[in-house]
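J.: I'd like to ask you about the structure that follows.
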Amino acid sequence: MIEKYHMNPTYRKLVCAGIAALAMGSGMPVTAKTIAPPPPFPAWLEALKAEAAAKGVGKATLEQALEGIKPIPRVIELDRRQPEFTLTLGSYFKNAISAKRIAIGKEMLKKHAPLLRRVFERYRVQPRFLVAFWGLESNYGQYTGVFPVVGALVTLSHDRRRATFFRQQLLAVLQLIDKGDFPLDVKGSWAGAMGNHQFIPSTYRDFAVDFDGDGKRDLWNSLPDIFASAANYLSRSGWQKDRTWGREVRLPSSFDIGLSGLETRKSLAEWNTLGVRQVNGKPLPDVAVDDASVLLPAGYRGPAFLIYNNYRTTMVWNRSHLYALAVGHLSDRLVGKGKLRADLGDANPLTRRDIFDLQRRLNALGFNAGTPDGRTGPMTRKAIKGYQRKHGIPADGFPDSKLIEHVRKQS
Ligand code: CA
């Protein structure tokens with residue numbers, strides 16, 4: 001569900017839980033893709049040095065940064081992990097939006113108010129959002145990663161699974177070291193994400209700014225640089241300063257589930273006509289938003305959201321819906337707004353084994369869910385929708401334990 005290059009700590013925690021479950025021998029079905037063995041390392045490293053030098057990285061930097069470098073087996077292990085669970089909104093929010101995270105975020109918002117105000121004046125991203133991203137990415141700077149970034153990226157670009165992407169990131173990090181942005185032994189996540197907002201090297205290169213004027217872009221120790229860099233990235237990705245991210249809404253019982261999803265964009269006036277209401281029952285506000293979408297991240301039984309442009313921009317940062325909803329909701333909680341009204345649904349995530357079984361049964365019943373792999377992708381959602389339509393269930397394409405139970409009774 002979440003294919004994210006730099007993981008926030010909440011997801012990381014769940015991934016670790018998944019690894020633990022695997023280690024206990026849950027024996028779940030996994031479709032292993034064959035990955036060709038990596039090329040011989042010494043020759044690969046020489047070619048990399050030549051490419052970096054051609055891109056302007058100084059010889060001394062290259063020799064020092066890559067001296068004695070070797071692939072790190074632990075990084076490959078983390079990259080190959082197969083999470084046991086499909087995260088649900090309920091399970092994700094339980095970790096991402098903890099009472100402690102809200103309390104610390106409120107404190108941070110107050111404590112750094114003058115600085116956040118100056119950053120807002122320059123980059124036009126509201127303080128509550130900057131603090132929410134910060135809380136989710138590194139727990140307000142408490143976790144920025146302990147892996148050597150050069151070593152981790154050498155490992156992942158030497159490996160063949162995502163070599164092209166990681167080679168670009170490795171070249172970017174070598175350029176940044178060469179320019180003096182950070183030291184040779186810079187630390188980050190196992191996948192090379194760095195600093196308080198866990199920027200990947202190319203994001204760091206293109207969007208980090210020196211806001212305290214000391215000549216360095218320091219995303220570990222300088223809060224002015226940290227907030228301004230995040231704001232600059234968001235602002236250049238299309239953030240709107242006078243808009244919120246979205247809101248929880250109430251749908252009429254007659255609502256056509258087929259209208260949910262990011263693809264369907266309508267004005268607030270149109271959604272209002274279709275019966276969409278604020279959670280307090282009032283009509284939607286009369287503002288000129290023309291690209292709002294309805295989302296049902298936990299299926300038709302769970303909460304409904306109406307999301308705006310800033311939600312789409314959050315998905316440029318991280319293309320996970322659960323992450324974008326968490327950023328939006330945390331930013332609301334930091335300024336005293338209440339909990340979501342609707343029940344978030346099952347706090348226990350479905351296992352990949354459950355999804356695998358569902359896919360197998362849907363295929364047998366004539367709804368093409370593709371080769372079972374334990375992940376809910378577009379084909380699986382389509383097959384679920386077909387099944388739901390046939391059985392008179394609102395067709396949200398969303399797998400939950402009730403749906404699985406229903407399918408099991410049919411097969
Ligand atoms: Ca600085």
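The values are calculated or read from the model by the stated rules, or taken from the named source; none is laboratory data. Quantities reported herein were computed from a predicted structural model and do not represent experimental measurements. No Cβ is skipped: glycine too gets one built from the backbone with ideal geometry, and neighbour counts run over all protein chains shown. Areas reflect the complete protein model, heavy atoms only, side chains present, ligands, DNA and RNA absent. Shrake-Rupley method; radii C 1.70, N 1.55, O 1.52, S 1.80 Å.
J.: Can you give me the solvent accessible area of Arg161 with a 1.4 Å probe, rounded to the nearest 10 Å²?
T.: Result for Arg161: roughly 100 Å² accessible.
J.: Let me ask you something else. What whole-number distance in Å separates the alpha-carbon centres of the stretch 172-224 and the stretch 285-315?
T.: 33 Å
J.: Could you size up the charge dipole of the stretch 29-125 around its Cα centre, putting +1 on the beta carbon of Lys and Arg and -1 on that of Asp and Glu, and report it in debye to the nearest 20?
T.: Using Cβ point charges on Lys, Arg, Asp and Glu, the stretch 29-125 gives about 800 debye.
J.: On to the next question. Stretch Glu63-Ser202 to full length: gain in nm at 0.36 nm per residue minus the Cα-Cα span?
T.: Working: separation 139, 0.36 × 139 = 50.04 nm, distance 2.17 nm.
Computed gain between Glu63 and Ser202 is 47.9 nm.
J.: For Arg277 and Val335, FRET efficiency with R0 = 25 Å and r from the beta-carbon atoms, rounded to 0.05?
T.: After rounding to 0.05, the efficiency reads 0.65.
J.: Tell me, what is the percent relative contact order of the stretch 350-410, built from C-alpha pairs under 8 Å that lie six or more residues apart?
T.: 30 percent
J.: Taking the Cα centre as origin and putting +1 on Lys and Arg beta-carbons and -1 on Asp and Glu beta-carbons, what dipole magnitude results for the stretch 119-268, to the nearest 20 debye?
T.: 520 debye
J.: Across all directions of projection, what mean area in square nanometres is found for the Cα convex hull of the stretch 159-303?
T.: Computed as one quarter of the Cα hull surface, the answer is 12.5 nm².
J.: Give the relative contact order (percent, whole number) for the chain; include only Cα pairs under 8 Å separated by 6+ residues.
T.: After rounding, I find 18 percent.
J.: Using a 1.4 Å probe on the protein chains only, how many percent of the accessible area of the stretch 350-410 belongs to carbon and sulfur? Walk me through the numbers on the way to the answer.
T.: Working: 1580 of 3130 Å².
Within the stretch 350-410, the accessible surface is 51 percent carbon and sulfur.
J.: If you count only protein heavy atoms with a 1.4 Å probe, what accessible area per residue comes out for the chain, rounded to a whole Å²?
T.: Solvent-accessible surface per residue comes out at 46 Å².
J.: Over the chain, how many percent of alpha carbon pairs lie in each 10 Å bin up to the one with the longest distance?
T.: 4, 20, 27, 26, 16, 6, 1
J.: Could I ask something else about it? I need the P(r) histogram for the stretch 83-180: all alpha carbon pairs, bin width 5 Å from 0 out to the longest distance, whole percents.
T.: P(r) over the stretch 83-180, rounded to whole percents: 2, 11, 13, 13, 13, 16, 17, 11, 4, 0.
J.: If you add up the charges near Gln175, with Lys and Arg at +1 and Asp and Glu at -1, over every other residue whose beta carbon is less than 10 angstrom from its beta carbon, what do you get?
T.: Around Gln175, the charge tally is +1.
J.: If a paramagnetic tag sat 7 Å from the Cα of Asp291 along the Cα-Cβ line, which residues of the stretch 224-253 would have the backbone N under 20 Å from that point?
T.: Correct set: 231-248.
J.: Pairs of Cα atoms under 8 Å, at least six residues apart: use those to get the relative contact order of the stretch 246-307, whole percent.
T.: In percent, rounded to a whole number, it is 44.
J.: Hey, got the dipole for the chain? About the Cα centre, +1 on K and R Cβ, -1 on D and E Cβ, debye to the nearest 20?
T.: Dipole magnitude for the chain comes out near 1020 debye.
J.: Another question about this same structure. Averaging over every viewing direction, what projected area does the convex hull of the Cα atoms of the stretch 240-397 cover, in nm²?
T.: Values: hull surface 40.7 nm².
One quarter of the hull surface, i.e. the mean projection, equals 10.2 nm².
J.: From the helices alone, meaning DSSP H stretches of at least four residues, give me the mean residue ellipticity at 222 nm for the chain, per-run term -39500 (n - 2.57), in deg cm²/dmol to the nearest 500.
T.: For the chain, the value works out to -15000 deg cm²/dmol.
J.: Taking only the alpha carbons of the stretch 246-307, what extent do you get along each of the three principal axes, in Å, biggest first?
T.: Over the stretch 246-307, Cα extents along the principal axes are 28, 26, 19 Å.
J.: With only alpha-carbon atoms counted, please give the Rg and Dmax of the stretch 350-410, in Å.
T.: Final numbers for Rg and Dmax: 9.9, 27 Å.
J.: Further question: Distances over 15 Å make up what percent of all Cα-Cα pairs in the stretch 57-101?
T.: More than 15 Å apart: 70 percent of the Cα pairs in the stretch 57-101.
J.: Using the basic label-point model (7 angstrom from Cα toward the beta carbon), what is the Arg122 to Glu51 distance in nanometres?
T.: Going by the 7 Å Cα→Cβ label model, 3.4 nm.
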